[in-house]
Amino acid sequence: MYLIHAQLRAPFGDPLPCDAARRALAAARPDDRVEHVSAHARAEPHPVLGFFVMANSLSEAEGRIAQLCLRLLREHGELAGWALVRAEAPLVAPLGQGLLGPPAIPSNGSELRRK
């Protein structure tokens, strides 16, 4: 299973519709093998839909989610004018480090790092 983030760019800074995750899950076909979708409407620089998807490889997962998102943007009027920026696995920092920042910057306090 892979976590794939689909970053979407809004026309004119429109907000992500509140039911975007539900719409994305409904648009998924059985062969897309999507298990769960969540919306991150305030992600920067663009809103993100997070997909948990079953696939044989990362490349397959990213490609399948990109196609699903393009289909979603074509088929749902509320998303007219939106664009898919990218669909890829997010990079995750080791526990206790900032968002892929230097090891000296803890994300949740110094108790997460060895001294």
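From the list ALA61, ALA55, which one is farther than 14 Å from HIS5 by Cα, surrounded by 12 or more Cβ atoms within 10 Å (Cβ to Cβ) and modelled with pLDDT of 95 or more? I'd like the intermediate steps shown before the answer.
Details: ALA61 fails: farther than 14 Å from HIS5 by Cα.
Answer to the selection: ALA55.
Would you check if there is a residue in region 3-16 being surrounded by 12 or more Cβ atoms within 10 Å (Cβ to Cβ), of a type outside the set (Phe, Trp, Tyr) and over 18 Å from ALA83 (Cα atoms)?
So far as region 3-16 goes, yes, one or more of its residues are surrounded by 12 or more Cβ atoms within 10 Å (Cβ to Cβ), of a type outside the set (Phe, Trp, Tyr) and over 18 Å from ALA83 (Cα atoms).
Looking at LEU70 and the list (1) under 15 Å from VAL85 (Cβ atoms); (2) not in a helix (DSSP H, G or I), which single condition is not satisfied?
Unmet condition: (2).
I need the full set of residues from region 49-62 which are in contact (Cβ under 8 Å) with a residue 24 or more places away in the chain and in a helix (DSSP H, G or I), in order please.
LEU58, ALA61, GLU62
I'd like to verify a number: residues in region 1-24 that are closer than 23 Å to LEU58 by Cα and modelled with pLDDT under 90, how many?
0
Check off (1) surrounded by 14 or more Cβ atoms within 10 Å (Cβ to Cβ); (2) in a helix (DSSP H, G or I); (3) of a type outside the set (S, T, N, Q) for ALA26 and give me the number that stays unchecked.
(1)
Do we find that ALA20 is small (Gly, Ala, Ser) and surrounded by fewer than 15 Cβ atoms within 10 Å (Cβ to Cβ) in this structure?
It is false that ALA20 is small (Gly, Ala, Ser) and surrounded by fewer than 15 Cβ atoms within 10 Å (Cβ to Cβ).
The values are calculated or read from the model by the stated rules, or taken from the named source; none is laboratory data. Since the structure is predicted, the reported quantities are computational estimates derived from the model, not experimental observations. Here the Cβ is made from the backbone with ideal geometry for all residues, glycine too, and neighbour counts use every protein chain on show.
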